[in-house]
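Shown next, in structure tokens, is the structure this report addresses.
The values are calculated or read from the model by the stated rules, or taken from the named source; none is laboratory data. Just so you know, these numbers come straight off a predicted model, no measurement behind them. Backbone-built Cβ (ideal geometry, glycine too); neighbour counts: all protein chains shown. When the accessible area is computed, the model is the full protein with side chains, heavy atoms only, and any ligands, DNA or RNA have been set aside. Shrake-Rupley method; radii C 1.70, N 1.55, O 1.52, S 1.80 Å.
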Amino acid sequence: MKHRVLVKAPVLTQSGYGEHARFVLRALRSQEDTFDIYIFAINWGQTSWLWEDDEERRWIDEKLQKTLQYVSNGGKFDMSLQVTIPNEWERITPMDIGVTAGVETTKVSKDWVDKVNSVDKVITISEFAKQTFLDSVYEQTKCETNIDVVHYPVRKPKEEPLELDLKTSFNYLSIAQWGKRKNVENMVRWFLEVNHDKEDVGLILKTNLARNCLLDKLTVEHMMSKLLAEYSDRKCKVYLLHGYLTRGQLQALYNEDSVKAYITTTHGEGYGLPIFEAAYNGMPVIATDWSGHKDFLYMPVENKKSKKIKIKPMFSRVDYELNNVPDHAVWENIIIKDSKWAYPKEKSFKAALQEVYKDHGRFLKRAKDLQKWIEKNFSKEILYKRFINSVLNKKHVDPEEVTGVSFCISTNGKKPEKTNLTVSSIQKTMERSNIPFEVVISGDVDNFKNLKDVTLVDQKDEAHSGKLALLRNVAAEHCQHDVLVFADDDLIFPQTWCERLLEFSKTQGWEVLGHKILLPDKGRYWDRATTNPHVMIGYDQQTTPNQGQYQTGCFWIIRSNIFDKQKWDSNIGFYAEKEGGINEDVEYSLRLQSLGYSLSFDKENTVWHNDESYVECYNGNIFIPGSLCLKKEELTKKYELEFFPDESKEFLEVKQAAI
């Protein structure tokens, strides 16, 4: 079932929040099989609206009409994404998420803290913005709601023609609204004072006050003329760009041959989208060394000798002092009086201008290294997925290679032939890889004393009293590798299983991992399920917290560092559910998720449950593949079913290979 999500945002405005809103829509749109999208458009200050007639605009218009009709018919939403400043967040659905760039100072207002605590989740744009929320404490009031960070992705549209008529060969670029926070006037003055005698140097300033209208343009031109009049003997040039540029024209601007560096003397940024765009287009950047843009202007660099990784700045840092925001910049409940922002130092900025001009090649090489890192780590595929995971309460986890696998098998000793086959299949799949492994069997182990290279842990009494969770914990105590695999004593691992696990782990981050669990007839065995309702779900189906997603204890993969913190509940017995309790696998799944750990799934990998007593069915009276998995004897007794699918060809092949 799709989640009906309402996006309340300035989706059609030419503003930072407008761009943020369109990113949100693109992320949701990347999974339209999961989300039924509705849009309520709001204004953003006095900024202009988009005018292009392109596919995205037509899609937005279609959703606006759909929303109007749906609401007029009394339709309700499952969740909302409110992309705006916290002042405007409100309770309108069962799951309200505030999406904001935060504030560009050291502190948010108490009203904002209260608004954060009024919604179910907050998604912001930078670690700086998140930390500002967390640092804003008023007596007993602080931000309690979970705050996630999801950055903007790289976007590189096709370049479109842009007439610049530049007379200079070395040009700096800056894109900023002419306001108090952007510190544009100081930037222009300091540029003029450093380059007043350089005929080959120019500054391209793309700016406006509020709108891209004629009156705004005339006002900006007057302000610039007045400022330049103070430097009448200058030889350097200043080019003023005003008005709306398409994405393609902006792309052409960043890649103009004579544009050599991007500069800013900002007091602070929630993220700094134009700085980001310059960086991922490979431009050297000169910027204040404070606030949101540090998320992408610093990157990990490996020392060639020591091989140690350090986070290093890949831009020309401008020193600053952190001081109170001036009275004229205070904005009620947004930029508050007792907050601070950065004041870039004139001497430092001027030195950076001169250094980049004199040694441009060195700074360009560093910028290209940063560009490669940004393109790899800030792709739309990565960030769309990260945003969706945040909306659905699925944590982002960085990929981590597997260095060793410990298999924990719990057994009551009643199926020795099947358990021997389980061990054999493990050994054969691991022989095809180059990583160490171990097999630990816990429970009634008398039938397995002849097995080679297997650790046996005698827990006979516990095995025959249904202490399955305890058996798993005891087995894990004897393990040493970074990945634990908990397996029933009748599983069969295909020979390709380990190769696929290693391949998946190189590119996909995970904490707890599930695979397909197939029965001999190729039906499913509770490999991905929910408790509300209690059914198996699709391999790609997204869930919400109240559905209670879980993985069967038949087969689990978990990182050992997570297991060390959270183990199976040894007090839960095998028959807990029948006794009115909760089974150990459901409890463990829900507990881990409540603590912020994620359940991941690789639908391209499979293990086989060598138990012919189960069958996948819909509702009990038919056995065609569906959402339940029940005992055949139960189906025969209750529905008088006697004929079930035969063992599949694929199962027989895997079974034979394991012998």
Practice task
Return the aspartates and glutamates within reach of Lys578: Cα separation strictly under 18 angstrom, same-chain partners fewer than 8 residues apart disregarded; answer none if there are no such residues.
Solution key: Asp569, Glu587, Glu633, Glu634
Fill in the blank from the handout: Of 92-103, 522-533, 219-230, ordering from highest average Cβ density within 10 Å down gives 92-103, 522-533, 219-230
Problem - Sites Lys305 and Cys213 - FRET efficiency at Förster radius 56 Å, r taken between beta-carbons, to 0.05 - result: 0.45
Practice task
Would you please name the trypsin sites (Lys or Arg not before Pro) within segment 391-439 that are DSSP coil residues with at most 14 other C-beta atoms within 10 Å of their C-beta?
Solution key: Lys414, Arg432
Problem - Positive dipole terminus of the chain, leading residue within Phe644, Gly16, Leu502 (C-beta point charges) - result: Gly16
Completion exercise
Of all lysine pairs in segment 399-499 that are eight or more residues apart or on different chains, those with Cα atoms under 19 Å apart total 13
Completion exercise
One can check that the equivalent ellipsoid of the chain, built from the alpha-carbon gyration tensor with semi-axes equal to the square roots of five times its eigenvalues, has lengths in Å, largest first, of 57, 28, 22
Handout entry: Apportionment of accessible area to carbon and sulfur, the chain, percent (1.4 Å)
Key = 48 percent
Problem - Positive-end residue of Gln140, Val405, Ser613, charge dipole of the chain with Cβ unit charges - result: Gln140
Exercise for the section: Note the full-extension length gain between Ser72 and Gln566 as 0.36 nm times their separation in residues minus their Cα-Cα distance, in nm to one decimal. Expected result: 173.0 nm
Fill in the blank from the handout: In segment 322-401, taking the dipole from +1 charges on Lys and Arg beta carbons and -1 charges on Asp and Glu beta carbons about the Cα centre, the listed residue (Phe378, Leu364, His396) farthest towards the positive end is Leu364
Completion exercise
Mean accessible area per residue over segment 254-336 (1.4 angstrom probe, all protein chains present, square angstrom) is 43 Å²
Practice task
Calculate for the chain the 222 nm mean residue ellipticity that helices alone would give, adding -39,500 (n - 2.57) per DSSP H run of length 4 or more and normalising by residue count, nearest 500 deg cm²/dmol.
Solution key: -9500 deg cm²/dmol
Handout entry: segment 94-223 - charge dipole about Cα centre, Lys and Arg +1 at Cβ, Asp and Glu -1, debye rounded to 20
Key = 100 debye
Practice task
Return a single number: how many Lys pairs in segment 1-133, at a sequence separation of 8 or more or on separate chains, have alpha-carbon atoms below 19 angstrom apart.
Solution key: 16
Exercise for the section: Using only the alpha carbon atoms of segment 68-142, find the Kirkwood hydrodynamic radius as the inverse mean reciprocal pair distance, in angstroms to one decimal. Expected result: 13.3 Å
Practice task
Take the alpha carbon atoms of segment 512-628, find their radius of gyration, then divide it by 2.2 N^0.38 Å using N residues; give the quotient.
Solution key: 1.06
Practice task
Using every Cα-Cα pair within segment 428-540, state what percent have a distance larger than 20 Å.
Solution key: 55 percent
Exercise for the section: Quick one: dipole size for the chain, taken about the Cα centre, charges +1 on Lys/Arg Cβ and -1 on Asp/Glu Cβ, in debye to the nearest 20. Expected result: 1900 debye
Handout entry: Overall dimensions of segment 130-202 by Cα: Rg and Dmax, Å
Key = 20.7, 59
Problem - Estimated dipole of segment 1-44 in Debye, rounded to 20 [Cβ of Lys and Arg +1, of Asp and Glu -1, Cα centre] - result: 60 debye
